[in-house]
Amino acid sequence: MDFGVCYYPEHWPEDRWAQDAAQMRETGISVVRMGEFAWSLFEPERDVFHWDWLGKAIDVLAGEGLKVILGTPTAAPPKWLIDERTDILAYDSQGRPRQFGSRRHYCFSSSAYRDETVRIVTKMAERFGLHDSVIGWQTDNEFGCHDTVRSYSPAATMAFREWLAEKYTDIDCLNQSWGGVFWSQLYRDFAEIDLPNLTVTEPNPSHVLDFFRFSSDQVLSYHRVQVNIIKSLSPGRSIYHNEMGHFTDFDHFALGAEVDVMGWDNYPLGFLDQEPYADNDKRRYLRQGHPDFAAFHHDLYRACAPKWGVLEQQPGPVNWAPHNPAPLPGMVRLWLHEAAAHGADIGSVFRWRQAPFAQEQCHAGLLRSDGMPAPGLSEVKQCVEEQISLTPDSVMSANVALLFDYETQWMSECQPQGDWSYLMMAMGWYGVARSLGLNVDIVRMGQDISNYALVLTPSLFHITPPGLQAFKQTEAALLFGPRSGSKTAHFSIPDELAPGPLQALFPAKVVRSESLPDWWQATGLFAGETVTGRHWLDHIEGDVAPLVTSDEGDGLLYHHGSAFMFATCPDDHFLRTLIQSLLRERGVETTKLPDGLRQRVTDQYKYLFNYGASPVSLPTDEDTPLYGEDPLRPGGVAIFSRGDVL
């Protein structure tokens, strides 16, 4: 894994650059990511370009042997451009323009902004595209951050109408697909269709779903504008983009098909604080982050593109969460080792030096704002030295897959029906499998799943023909969560009722569904132990008998052939017990790990990561680790050679 850092030379005096470059090299950093927020410096007024300062900075870095990933500056268009073309601005769901003064204030559907994007990216690629030290380009920065994928602007309205006309061709087809006879929602022409916001009550969910699909497609088509320019003017360089955690507003599988390296920005502490994790988890992992947050996203983005990596790694307190604690000593090292264990090609820390001004002045770097080392610097250096000493490695095949689907997330947002989150459920199922010491691959619907022993599908609202075919062609145990097969592609109830096409594997129907409050739970017995379901209850009829029945007589888990289907949202114990049972039947060993301990096995090594609050004794059947002490302290990493282990 290459080690990188995000650097903003424009924030510091030019006579400091050489010192920074030398210190980066001494730390073990080999790649520097830069340039993504500098448009107003590149072009202080229209067609007046200042590139020399960036060229000097690249040359200084190159003098220390450092390579560069350049970011296109389109995430922050300058004030003069906004003043010229206010039609560039995105609009929020309340119909208000997103004003200048921070970043990401453009609309993906604005043709004017696409023209300006072509102009600035072309100029930048012409100037630096063939530079020997430029090894890649990051397009823009964090597409969709700050709730900006779904714009409600006039430009988006016009583009949405065109998208619908291309998809449906005939307005009667759209009316039929959307169920327009309900509440007198029939349209005579595509030009009559507005965006699904500012309605008196709930808008038509089919309308909303198509708007979400359209918005995702707009991100992809905008990205393509940049990629085409870069590939033409900077051949042989890799295309990167940096995704975010807990972000699903566009299809990352689709974007991954158009980049060479899918990056993501790993901020475990910030996301633990602001996302709906249990209060006990927030207390337990305050300075470590949730033990499955980073790993889930590593495996998700590993599934998206040929290569992947971390383009921004939290090095200390951040500035944007409700509360911003410092990482436990050792966590920066742990997070970077964990990325390497999941097969990352790059681990890049954000940022080199803490800014003393503007919006991110409370966001830590590897150096303090006065230029002195911050705690994360020594941890990065230690991790570099340890990774260099390891044999080149590769990702080990997994026995378990988890199917993740962006359209299921969008459908769950269109009409939530209860307060459970598909994304959090998917992460929870992933975490339960990982707590058993398992490697987990994340897969998309329709992907070949024939090599797995178990495929976890927390929910899958709509089953496509390729998805059903993949399920039919595997001998794996198939474990489905509630609401699977409950919708058509147009967000209607299937004629045959849920689970829709899955009835080819599971000959039964969901005849009634209940969404239930947080305090509700149903208990039953499985494998001699009490298990619990929450949030949801499907009532199922057909040629299947419940494998687990609640104390009230309701079926909680059903089974037919290799297919298992929950009628409720299982608690962790219920799910863990079932996974262990299914894998045991298939000859796959599991190991219940101590709380907070996580494991990752590669072709060459076995990694143990202690996210817990207490020291953990290392397994007694293994040799002394290459790195890591016994007991393994909180924030500690132990790495074993598998040759020694086996």
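The values are calculated or read from the model by the stated rules, or taken from the named source; none is laboratory data. From a predicted model like this one, the values you see are computed outputs, not experimental measurements. Backbone-built Cβ (ideal geometry, glycine too); neighbour counts: all protein chains shown.
Observations
- Test for Thr602: is it without any contact (Cβ under 8 Å) to a residue 40 or more places away in the chain, farther than 27 Å from Asn280 by Cβ, polar (S, T, N, Q) and out of contact with any Pro (no Cβ under 8 Å at 6 or more places or on another chain): no
- Checking Ile88 against (1) touching a Phe, Trp or Tyr at 6+ places or on another chain (Cβ under 7 Å); (2) of a type in the set (Val, Ile, Thr); (3) touching a residue at least 40 places away in the same chain (Cβ under 8 Å), the condition it does not meet: (3)
- Selection status of Leu578, under 26 Å from Pro546 (Cβ atoms) and either buried (at least 23 other Cβ atoms within 10 Å of the Cβ) or of a type in the set (Phe, Trp, Tyr) (or both): yes
- Test: residue in segment 198-221 that is farther than 30 Å from Pro276 by Cα and not small (Gly, Ala, Ser): no
- Given (1) of a type outside the set (A, V, I, L, M); (2) more than 28 Å from the chain's Cα centre (by Cα); (3) closer than 30 Å to Ile29 by Cα, index of the condition Arg104 fails: (2)
- Considering residues of segment 364-402 that are β-branched (Val, Ile, Thr) and not in a strand (DSSP E or B) only, the residue nearest to Thr591 (Cα to Cα): Thr391
- Any hit, segment 464-483, residues being under 23 Å from the mean Cα position of the chain (by Cα), of a type in the set (Val, Ile, Thr) and either within 17 Å of Cys569 (Cα to Cα) or surrounded by 24 or more Cβ atoms within 10 Å (Cβ to Cβ) (or both): no
- Under the condition of being part of a loop (DSSP other than H, G, I, E, B) and either at pLDDT below 95 or charged (D, E, K, R) (or both), the residues counted in segment 509-518 number 1.
- Enumeration of residues in segment 23-40 that are buried (at least 20 other Cβ atoms within 10 Å of the Cβ), assigned to a loop (DSSP other than H, G, I, E, B) and not β-branched (Val, Ile, Thr): Gly35, Glu36, Ala38
Residue-wise test of (1) free of Cβ contacts under 8 Å to residues at least 60 places away in the same chain; (2) part of a loop (DSSP other than H, G, I, E, B).
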| position | (1), (2) |
| --- | --- |
| Gln176 | yes, no |
| Leu186 | yes, yes |
| Pro196 | yes, yes |
| Pro203 | yes, yes |
| Ser216 | no, no |
| Val219 | no, no |
| Tyr222 | no, no |
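- Members of segment 199-217 that are under 20 Å from Gly263 (Cα atoms) and surrounded by 22 or more Cβ atoms within 10 Å (Cβ to Cβ): Ser216
- If the condition is being within 30 Å of Ser348 (Cα to Cα), assigned to a loop (DSSP other than H, G, I, E, B) and over 24 Å from the mean Cα position of the chain (by Cα), then segment 58-97 contributes Glu64, Gly65, Leu66, Pro77, Pro78.
- Test for Asp265: is it part of a strand (DSSP E or B), within 29 Å of Leu336 (Cα to Cα) and in contact (Cβ under 8 Å) with a residue 24 or more places away in the chain: yes
- The requirement of being part of a loop (DSSP other than H, G, I, E, B) and either at positive phi or surrounded by 13 or more Cβ atoms within 10 Å (Cβ to Cβ) (or both) is not satisfied by Phe3.
- Of Ser153, Ser215, Ser206, all but one fail to be of a type in the set (S, T, N, Q) and touching a helix residue (DSSP H, G or I) at 6+ places or on another chain (Cβ under 6 Å); the exception is Ser206.
- Residue in segment 285-306 that is over 26 Å from Thr139 (Cα atoms), touching a residue at least 24 places away in the same chain (Cβ under 8 Å) and of a type in the set (A, V, I, L, M) present: yes
- Enumeration of residues in segment 450-463 that are buried (at least 20 other Cβ atoms within 10 Å of the Cβ) and assigned to a loop (DSSP other than H, G, I, E, B): Tyr452, Pro458, Ser459, Leu460, Phe461, His462, Ile463
- Residue ID - surrounded by the fewest Cβ atoms within 10 Å (Cβ to Cβ), chosen from residues in segment 145-159 that are more than 17 Å from the chain's Cα centre (by Cα), polar (S, T, N, Q) and part of a loop (DSSP other than H, G, I, E, B): Ser153
- Positions within segment 487-508 being touching a helix residue (DSSP H, G or I) at 6+ places or on another chain (Cβ under 7 Å) and either without any contact (Cβ under 8 Å) to a residue 40 or more places away in the chain or of a type in the set (Lys, Arg) (or both), in sequence order: Lys487, Pro494, Glu496, Pro501, Ala504
- Scanning segment 41-57 for residues being surrounded by 17 or more Cβ atoms within 10 Å (Cβ to Cβ), in a loop (DSSP other than H, G, I, E, B) and aromatic (Phe, Trp, Tyr) gives a total of 0.
Table: residues versus (1) part of a loop (DSSP other than H, G, I, E, B); (2) of a type in the set (Phe, Trp, Tyr); (3) at pLDDT 95 or above; (4) touching a helix residue (DSSP H, G or I) at 6+ places or on another chain (Cβ under 9 Å).
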site: Ala305; (1), (2), (3), (4): yes, no, yes, yes
site: Val318; (1), (2), (3), (4): yes, no, yes, yes
site: Pro327; (1), (2), (3), (4): yes, no, yes, yes
site: Gly343; (1), (2), (3), (4): yes, no, yes, yes
site: Gly347; (1), (2), (3), (4): no, no, yes, yes
site: Cys362; (1), (2), (3), (4): yes, no, yes, no
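- Qualifying residue in segment 61-69 (condition: among the acidic types (Asp, Glu), closer than 30 Å to Ile29 by Cα and touching a residue at least 24 places away in the same chain (Cβ under 8 Å)): yes
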